[in-house]
Structures are given as C-alpha cells and as structure tokens.
Amino acid sequence: MAQFINKRENVVTEAIDGLLAVSGGSLVRLDGYPHIRVVLRGDWDKSQVALVSGGGSGHEPAHAGFVGKGMLTAAVCGDVFASPSVDAVLAGILAVTGPAGCLLIVKNYTGDRLNFGLAAERARAFGLNVNMVIVGDDVALPDLPQARGVAGTLFVHKIAGALAQAGADLETVTAAARRVIAGAKSIGMSLDTCTVPGSPKEDRIPAGMAELGLGIHGEAGVEQIAFVNAKTAMGSVVSKLAAAIGDGPHVALINNLGGTSALEMSVLTHELIASSIGNRISHVVGPAPMMTSLDMQGFSISLYPADEADIKALGAPVSMAAWPGLSAVKPIRIEMLPDGLTPITPQPSNHQETRDFLINCCKVLISAEEDLNALDAKSGDGDTGSTLAGAARALISAIDRLPLSDHTQLYRAIGQELSQTMGGSSGVLLAIFFAAAGDAASSGLPMADSLKAGLARMQEIGGAHLGDRTMVDALSPALDALEKGFLPAAEAARAGANLTATMLKAKAGRAAYINAKQLEGHIDPGAEAVARLFEHLAA
C-alpha cells in the first residue's frame, strides 16, 4: 500500500521536524538525531515538576503532540511501534529535570517499562529526583497479570499536567497520576489492521468482522465478532467497559485510532451516549485522534470516574491542538423550523392502484441501490443508489400521508417530500420536476404532457440537455414515447441510458469533472435508474 513517506528510516525524524516547524517555536528538540528523538517545551525553565512520556511512534498525535504548558514537558519518540532507547529516555530526563523533580508516565509494555525504568535509575544516580508510574488501562484481556497501557494514558497526562503546571510537588503529582491510573479503563475495536510504513499489511480481520480489544500496535484482540453496524459495535465495547466501572459519573475519552472518518466518530459518539452506560457519562473528551495506531480503522473508549478537581484539571485550557478539550454531555436542544419552512401537509387520500404503483416503483429503486452506487463510483462519489433508495424509503414511509386519489396534488406532495428527504442535486431537481408536473396537471394537461412539463422545468433550472450524460438522456426519450405505452417508453429509456456509456464527456452533474477514460463504457447511474423504472413498469 502506497503511503506519503520518503524513506522508512526517516519517517519519524521527518514527522517530528514537521511538527516543530509549525509549532511557532513552542516546541524544540534535542540535538540527537537519528537515535535520540526528544521533543521539549520551548519555554521550559525547570522550575516545576517535569512530566516525561513517550514510546514508539505511530500513535500520533501522542506523544509529542501533547507537549506544552499544562501537559507534557517532553516526549521521547522511538521508531514506529518500538520503544525508545535508554539513552534517549535519559536524555529527555536530563534535559527537563530541575530541583522539583520529574515524573515518567509509561504505558505498560515490556520495552517501555525496561527502557524508561533503567533510564530512571541512571538519572537517580545523577542525583535527580525521578518517579515513574505505569499505565495499564486496557480491560480487553482481564486475565493478563498486567494490562496494556492505551488511550487512558491521556487522562494521566492531562490531570498530572494540570497539577504540575499549578505548582504541585512531585509526590502530589505522582499520587494523582496513580489515582487516575487506578480508575481509568479502556478498550478498542477495529474493522482493519494498520499499515506499518515500509511493511506489508497484515490482513488478519476478514471482511464483515470486527476485532474487539486489539492493542495500539495492531496486536490481536480478545475476539473477532461479526460486524453489523455502529450500534452493535459500540454495544460490544460498552459491555466490556460496564463490567469494569462503577456507578458514578465518568468522563469518556472517545479516541479515533487513526483511519476512522469524523462522520463515523460522531455516529459512535451518539451510540455511546445512547448506550446502557450513557447515563453515567457526564463529560466527553473528543471524539478525536489522540492515541492512534497509524491508519487503523477503529476507535477506543476510555472511561474515568473524575471528581470535581479532576473535571477542573481536564477542562483547563491548553494550547496544543491535539487536545480536543472537555465537553459536558447535555440533552440535545431542538429549535422550531423558521416560518415558511414548516411542511404543508396535504390532505391524505387512498387509491389502491396508485398506492401499489408508487410502492412498486420505490422497491425498484431500493433493490437497485448497490448496482447504482457501483456505477456512480465510476463517475462520481458512489452514492446515487443510496440517495435514490433513501428517497424511495421515505416515500414508502409517507405513503399514508399522500393524496393518492388526486394526482395533481400527488405530484406536488411527492416534490415536497423529496425536497425534504433527498439530498444532493438529484433531490432538488426531482423536487422541481414533480412540483412543475403538478402545476401542469392542475391546468388540465394529461399525465405524459404534465411530466414533460416537469422535465422542461427541471432542464431549465438544472441546465442538463440530451447528450450531456445525465438522467435526462433516458427520461426525455421515455416521456416522448410514453403516449404509446410503457413498453415503447421502456425501450426508449434503455436505449438512452445505454447511449450514455458511449458519451466520453459529461456536460452536467459531478461526472462533468471526470476524465473521459474513467467514463468510457459506464452508463450514467441516473439514466440507469430511469431505465430500470420504466422496464419494471413495462414488465
């Protein structure tokens, strides 16, 4: 898999220098490349307790992204997923430790414990006051004698960092860190493994499965489970966490493991708040990528039973962009729609033949969802099928509210429904089409002519014409042939749709931005949808 890197051996140093270059001078590094990679606060004067953390790279923004006033004093960066050396850790300790002492915050992995631990011993031999705490917040494998350290480490960084910034002494900061470690619980889930730079990707998680409890270095989790949707995924995570936490209020840290979209993370946040432990979550950090695993398509949830002082510490503002801040969970507020946008409800009426006709048309679009998405992926963003199927489902849901016995009002009602439920340019164009058809029908025009009037209005506003490689290429000839019956209309629609596969330049719609090579041989998805509808009606 291609990645935006240069040489594998330079990826960590180049990433660090990229971070430093845009820090505005707030971050500096020690002159120890390539083996000693330590990021420091640029304003550090050794007057307070220093906080040092780190470990293998690949978890960005952790740990260097959290170096700054109110959190870490220094971060020691190893190779990707590899602990930094003893000398690198010692260099960090020596660079930042003054009379107030230093606290090492270490995730519970063998390499980190050994290298940070030995570095602490050597620093003490220099006469420095150094404490070390080990974070083991992962609840995925409860039978392990020592739990892994994962994203709950960030609770320690922030709370201990706030205390150190306020001038607390080393023993106070250390005691607070140990208290946070004792309360923090985390677990992660992913749909895929991560891609280590310069190495082949391990395809351990089959399609349709999710791995629960995997580590931040891609280590196998406690189990693989069938993936259904975000709700069930969060349910599996919550069931593990519920067994490990108490009944009081908790702060949830919602962590993106690196490759999950912001949209998905917001859905997962919704599911966490709606879950069986949602009423125990008073505050949230995130959702955001904080302790990642390169490009892993997954997430982790960390919970901590914060008291009032902890809430104050977690909410204390810091300048680092990597820390998303603390937010209180509140009920969702809903404002009324502005005047003029409140839906006008038509007088519903029943007409069984029309009802069956509409539902059958909707089912055609729903059944074609995947095929149309695949076509659209060749020339657009791959969502035409989902857009049309979503509108079809909305129409079926609204069927009892529609004026089925009055076709003039029915056209307008369909247009109104589509304007509210169907996104993208297709939604507004079809809303215009049906609204204009309703206006034409109210003046006494027959069905075919009313639909042609709707098409003319849609073309006038949308700008698409025959030959532009849009749904018009199938809809226009179909409506011209409709007076002769559904079969001629279906044949005309299919011929028009097939013709779009030979049109190497789209002149309207998103396909207009695509080069001819990508379009060649592929039917426009909107035209294909029209052809399938008419073919169903003719069958």
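Here are a few things to note about the model shown:
- Only Cα pairs under 8 Å and 6+ residues apart enter the sum, and on that basis the relative contact order of the chain stands at 9 percent.
- Qualifying aspartates and glutamates (Cα of each under 17 Å from Cα of Lys330; at least 8 residues distant if same chain): Glu271
- In the chain, the sites counted are trypsin sites (Lys or Arg not before Pro) in DSSP loop states with at most 10 other Cβ atoms within 10 Å, and the longest stretch holding none of them, exclusive of the sites, is 8-332.
- Using a simple spin-label model with pseudo-atoms 7 Å out from Cα toward Cβ, Glu308 and Met447 lie 7.1 nm apart.
- Placing unit charges on the Cβ atoms only, positive for Lys and Arg and negative for Asp and Glu, gives the range 138-214 a dipole magnitude near 180 debye about its Cα centre.
- Spherically averaged projected area of the convex hull of Cα atoms, the range 208-281: 5.2 nm².
- Under 19 Å of direct C-alpha separation, and excluding same-chain neighbours fewer than eight residues apart, Lys452 reaches these lysines: Lys484.
- Sites excluded, GluC sites (Glu not before Pro) in DSSP loops with at most 16 other C-beta within 10 Å, longest stretch of the chain: 1-201
- When chymotrypsin sites (Phe, Trp or Tyr not before Pro) are flagged only if DSSP places them in a loop and at most 14 other Cβ atoms lie within 10 Å, the longest unflagged stretch of the chain comes out as 127-539.
- Cα→Cβ-extended label distance, 7 Å offset, between Thr13 and Ile332, nm: 5.1 nm
- Solvent-accessible area of the chain (1.4 angstrom probe, protein heavy atoms only): carbon and sulfur portion equals 56 percent.
- From the Kirkwood radius over Cα pairs of the range 386-504, Stokes-Einstein at 20 °C and 1.002 mPa s returns a whole-number translational diffusion coefficient of 145 µm²/s.
- Karplus-derived HN-Hα couplings along the range 490-501 (A = 6.51, B = -1.76, C = 1.60, θ = phi - 60°), whole Hz, x at Gly and Pro: 5, 5, 5, 5, 5, 4, x, 5, 4, 5, 5, 5
- Taking 0.36 nm per residue of separation and subtracting the Cα-Cα distance, full extension of the segment from Ser199 to Ala175 would add 4.5 nm.
- Our helix-only sum for the chain, with -39,500 (n - 2.57) per DSSP H run of n ≥ 4 divided by its residues, gives a mean residue ellipticity at 222 nm of -13500 deg cm²/dmol.
- Straight-distance crosslink candidates among lysines, where the alpha carbon sits under 20 Å from Lys240 and sequence neighbours closer than 8 are dropped: Lys185, Lys231
- Phi to ³J(HN,Hα) by Karplus 6.51 cos²θ - 1.76 cosθ + 1.60 over the range 425-430, Hz, x for Gly, Pro: 5, 4, x, 5, 5, 6
- Where labels lie 7 Å past Cα in the beta-carbon direction, separation of Ala220 and Ile399 in nm: 4.9 nm
- Euclidean distance of C-alpha centroids, the range 235-288 and the range 157-209, integer Å: 15 Å
The values are calculated or read from the model by the stated rules, or taken from the named source; none is laboratory data. In this text the structure is predicted, and so the values were computed from the model without any measurement. Note that each Cβ is placed from the backbone with ideal geometry, even for glycine, and that neighbours are counted across all protein chains shown. The area values use the complete protein model at the heavy-atom level, side chains included, leaving out ligands, DNA and RNA. Shrake-Rupley method; radii C 1.70, N 1.55, O 1.52, S 1.80 Å.
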